[in-house]
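> Got a structure for you, written out below as structure tokens; questions coming shortly.
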Amino acid sequence: MEQLLHYVWKHKLFALKPLQTTAGQAVEIIDPGLPNMHAGPDFFNAKIKIDGVQWVGNVEIHQRASDWFKHGHQLDAAYDSVILHVASQIDAVPVRGNGDPIPQMELHCPPSVEANYKRLLEEDHYPACHSLIPSLPALLVHGWLSRLQVERFENKAGQIQNRLEACNGDWENAFFITLARNFGFGVNSDTFELWAKTIPMGAVNKHRDNLFQIEAIFFGQAGLLQELPLDAYTESMIKEYRYLRHKFSLTPSDECHWRFLRMRPGNFPHIRIAQLACLYFHAQGLLSQLMEAGTLKQVRGLLCGGTSEYWLTHYRFGEVSPPHPKSLSGKSIDLLIINTVIPFLYAYGKHRANEILCQRACTFLEELKPENNYIIRMWQECGLKAAHAGDSQALIQLKKNYCDLKKCLYCRIGYEYLKRN
């Protein structure tokens, strides 16, 4: 329960009674300090009065005082700056490297906090804090959702940065991989990302004015040109891909395991790849255009592509279907904006130190309707209703990065739950 003891110290949830060291000196906690997530003492720059004298330094917390020696802190100079050692079981006297004893205070987790924490961990209903949510002040909820929205921005910017490094700093390539991943719309997202990494963008750019050749590279690299039955279009595409494969030394991925089960035909990988090829064909310099677009209407206009003529009457190669346009729906376009365009606005804005792009990302999110998925519906049933896409992104962040990981101690709602009597 050392983690919970850290929490009690950080939020000063200990009993309101005079505190003192094990030697009987009066202790006043002015500032518990800043939590340290890396090696070294648990809290930095704490301000504490001990026997009337104010000290500024670090604080170390253990379940048992003897853990000081168990962890070898007496041999680590980084712990010589500790001004107070806190433990719930006093079974040793901690010392610095020179042998000087360190002031020590016994601290216990209040029974109500411990009971609430145990209740959160053992609650069968999901989320565990559901009973408290309806009574939370609107201002508290708004503040926490705003913080979560920024966290989600940072998480997605980190993912983009990783792709950017893998692409040797090529923003266009990193954007294509991110866009392709989100064309998978969940079910095939991982496969689309694997596929996109096999696409040689330099080779595709040389044939960007020919949609058929773009499709040949895209479908060939996806491993989708070996299907039966064949037709004239498919046979021509196979021949074209063989030529381009030889020309650019292409190797189709053997890791693309496309999913079709319980999927609407409009979501088949064939259609999504055809839409992506058409989008890539029509919108040259797509990333630049999206970064310059000042309104959602302009962004939607850049993403509302369709497919080549063949796919108007097909969902898979060689299988004719009634004529039907295969354009992206408005909902799908908005999801691409939320998961691709807006994160790139934020990441690119940070990269260029351009606050306008970062602010535009926030504005777009707040102008879009909230997503409608099982996560958002779950929170709505608990009393947290998303007003716009910024809120829905925050609620997704809350579930995935806090609730699913049982990180109640780091959640603002968890704090309110723990401190109640």
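The values are calculated or read from the model by the stated rules, or taken from the named source; none is laboratory data. Keep in mind the model is a prediction, meaning the values are calculated, not measured. Every residue, glycine among them, receives a Cβ derived from its backbone with ideal geometry; neighbour counts consider all protein chains shown. We work out accessible area using only protein heavy atoms, side chains counted, and drop any ligands, DNA or RNA first. Shrake-Rupley method; radii C 1.70, N 1.55, O 1.52, S 1.80 Å.
> Scan region 208-218 and tell me whether some residue there is more than 25 Å from Pro323 (Cα to Cα), in a helix (DSSP H, G or I), modelled with pLDDT of 90 or more and not hydrophobic (A, V, I, L, M, F, W, C).
The answer is no; no qualifying residue exists.
> Would you check if there is a residue in region 348-357 being outside any loop (DSSP other than H, G, I, E, B) and under 23 Å from Met263 (Cβ atoms)?
no
> Could I ask something else about it? Among the residues of region 117-139, is any within 30 Å of Val27 (Cβ to Cβ), in a helix (DSSP H, G or I) and open to solvent by less than 60 Å² (accessible area, probe 1.4 Å)?
Within region 117-139, one or more residues are within 30 Å of Val27 (Cβ to Cβ), in a helix (DSSP H, G or I) and open to solvent by less than 60 Å² (accessible area, probe 1.4 Å).
> Another question about this same structure. Which condition number does Ile338 fail, the rest of (1) under 20 Å from the mean Cα position of the chain (by Cα); (2) β-branched (Val, Ile, Thr); (3) open to solvent by 40 Å² or more (accessible area, probe 1.4 Å) being met?
With (1) under 20 Å from the mean Cα position of the chain (by Cα); (2) β-branched (Val, Ile, Thr); (3) open to solvent by 40 Å² or more (accessible area, probe 1.4 Å) applied to Ile338, the lone miss is (3).
> Across region 1-41, what is the number of residues that are under 20 Å from Pro110 (Cα atoms) and either in contact (Cβ under 8 Å) with a residue 40 or more places away in the chain or among the acidic types (Asp, Glu) (or both)?
20
> Continuing with this model, one more query. For region 181-218, enumerate the residues that are among the hydroxyl-bearing types (Ser, Thr, Tyr) and within 22 Å of Pro265 (Cβ to Cβ).
Those that are among the hydroxyl-bearing types (Ser, Thr, Tyr) and within 22 Å of Pro265 (Cβ to Cβ): Ser189, Thr191.
> Considering only residues of region 244-268 that are open to solvent by less than 60 Å² (accessible area, probe 1.4 Å) and in a loop (DSSP other than H, G, I, E, B), which is farthest from Pro323 (Cα to Cα)?
Leu250
> Another question, if that's okay. With Tyr310, Tyr280 as the choices, which residue is more than 24 Å from Phe175 (Cβ to Cβ), open to solvent by less than 40 Å² (accessible area, probe 1.4 Å), part of a helix (DSSP H, G or I) and of a type outside the set (A, V, I, L, M, F, W, C)?
Tyr310 is the lone residue from the list that is more than 24 Å from Phe175 (Cβ to Cβ), open to solvent by less than 40 Å² (accessible area, probe 1.4 Å), part of a helix (DSSP H, G or I) and of a type outside the set (A, V, I, L, M, F, W, C).
> If you don't mind, another one. Among the residues of region 131-154, count how many are over 18 Å from Glu371 (Cα atoms) and free of Cβ contacts under 8 Å to residues at least 12 places away in the same chain.
Count: 6.
> Return only the number of the condition from (1) part of a strand (DSSP E or B); (2) free of Cβ contacts under 8 Å to residues at least 40 places away in the same chain that Gln74 does not satisfy.
(1)
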